[in-house]
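Have a look at the structure below before the remarks.
Please treat every number below as a calculation from the coordinates, not as lab data. Because the structure is a prediction, the values reported are computed rather than measured. Neighbour counts run over all protein chains shown; Cβ positions are idealised from the backbone, glycine included.
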Amino acid sequence: MVHPVPHGDAELQGLADDLQGESFALLTIDLQEDAGTITPFRRELRLRLPVLLDADGDVTRSYGVRALPATFLIDRNGILRQQRLGPLSPGGVETAWSRAWIADRVRALLQFD
């Protein structure tokens, strides 16, 4: 998941916490910054999510990201199931692209995988 917004990162950390114990991995991708730049930010927000550094933008381009933040749901076979360009939405499970909605979609994917 490519998601550079501090509030978004906190929401993603919450999502990872909500799905702890599931057969699920949430990764963040940092575009064109190095570890030294992002480490203080991650420490300040208490982020524990793994971060992949996309220094040259290859990963971002390969997924066709045209705007940030971007969120992708990819199944365990590497198939892109859903994507969103834009921030996560506030709300409950009935609100598309909210933390609760994403958790529900992930659980549904895990049941059918």
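What distance in nm lies between label points placed 7 Å from Cα along the C-beta direction at residue 111 and residue 66?
With each label placed 7 Å out from Cα toward Cβ, I get 3.4 nm.
With a 10 Å Cβ neighbour count serving as the proxy for reagent exposure, in which order, fewest first, do 71, 39 appear?
Result, fewest neighbours first: 39, 71.
Write out the trypsin sites (Lys or Arg not before Pro) in the stretch 1-86 meeting two conditions: DSSP loop, and at most 10 other Cβ atoms within 10 Å of their Cβ.
Counting only loop positions with at most 10 other Cβ atoms within 10 Å, the trypsin sites (Lys or Arg not before Pro) in the stretch 1-86 are 46, 48, 66.
Over the chain, with a Gaussian network built from C-alpha contacts below 10 Å, which listed residue (88, 27, 45) shows the highest mean-square fluctuation?
Result for the chain, Cα springs under 10 Å: 45 fluctuates most.
How far apart, in nanometres, would the label points at residue 80 and residue 53 be if each is projected 7 angstrom from Cα along the Cα-to-Cβ direction?
Distance between label points: 2.6 nm.
Can you give the angle from 0 to 90° between the axis of helix 6-18 and the longest principal axis of the chain, with both taken from C-alpha atoms, to the nearest 10?
Helix 6-18 sits roughly 40 degrees off the main axis of the chain.
Taking the Cα centre of the chain as the origin, how large is its charge dipole in debye, to the nearest 20, when only Lys and Arg (+1) and Asp and Glu (-1) carry charge on their Cβ atoms?
Values: 12 positive and 16 negative charges, 36 e Å.
Roughly 180 debye for the chain.
Of all the C-alpha pairs in the chain, what % are more than 23 Å from each other?
Working: 1629 of 6328 pairs.
Above the 23 Å cut-off, the chain has 26 percent of its Cα pairs.
Hey, what number do you get for the chain at 222 nm if only DSSP H runs of n ≥ 4 count, each worth -39500 (n - 2.57), divided across all residues, to the nearest 500? Mind dumping the intermediate values first?
Numbers: 4 runs with 42 residues, N = 113.
For the chain, the value works out to -11000 deg cm²/dmol.
Considering only DSSP beta bridges with both partners in the chain, what is the antiparallel share in %, to the nearest 5?
That works out to approximately 50 percent antiparallel.
Along the positive direction of the dipole of the stretch 6-112 (beta-carbon charges: Lys, Arg +1; Asp, Glu -1; about the Cα centre), which of 57, 89, 31 reaches farthest?
Farthest towards the positive pole: 89.
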